[in-house]
Amino acid sequence: MVERFGFEVKNNISKYIKKVNLSNNEINEISFFLYKTEIKEIFLSYNKLENITFFMPGRKLNYLDVSDNPKLSNISTIDVVIIDTIKSDKKTIPIKFINPPVIRAIPDKVN
């Protein structure tokens with residue numbers, strides 16, 4: 001059984017949401033598709049998370065709390081995601097790119 005919920009941009013309500021706290025639930029997988037929101041902090045501690053997926057084009061997340069999720073193996077992202085601080089029980093949580101960005105070298109000068 002898959003349960004879903006979200007925030008709509010309808011009536012501009014979502015632009016006032018700065019924090020999302022989904023701690024202390026039994027969530028095992030979650031995806032965030034953040035387009036026109038101002039969400040800066042996400043709290044997901046004390047869940048059963050195994051994977052988190054982000055799609056945040058042009059957005060920056062200040063704080064992500066994934067502590068007390070012993071099965072969490074990685075954070076996936078469709079684009080380059082900027083997260084200032086990640087709180088976790090593990091030393092590192094790999095951020096895996098679903099579609100890795102293409103990095104091209106640009107010459108300093110063109111003759």
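Within the range 1-54, restricting attention to residues that are acidic (Asp, Glu), part of a loop (DSSP other than H, G, I, E, B) and surrounded by 11 or more Cβ atoms within 10 Å (Cβ to Cβ), which residue is modelled with the highest pLDDT? Taking the candidates together, the pick is Glu50.
Asp68 meets all of the listed conditions (1) surrounded by fewer than 11 Cβ atoms within 10 Å (Cβ to Cβ); (2) at pLDDT 80 or above; (3) on the phi > 0 side of the Ramachandran plot but one, namely (1). Number of residues in the range 55-65 that are in contact (Cβ under 8 Å) with a residue 24 or more places away in the chain and open to solvent by 20 Å² or more (accessible area, probe 1.4 Å): the value is 4. Does Asn111 qualify as being loosely packed, with under 11 Cβ neighbours inside 10 Å and either at pLDDT 80 or above or assigned to a loop (DSSP other than H, G, I, E, B) (or both)? Criteria met by Asn111.
The values are calculated or read from the model by the stated rules, or taken from the named source; none is laboratory data. Since this is a predicted model, take the numbers as computed values, not measurements. All Cβ positions, even for glycine, are placed from backbone atoms using ideal geometry, and neighbour counts span all protein chains on display. Side chains are part of the model used for accessible areas, which takes the heavy atoms of the whole protein and leaves out ligands, DNA and RNA. Shrake-Rupley method; radii C 1.70, N 1.55, O 1.52, S 1.80 Å.
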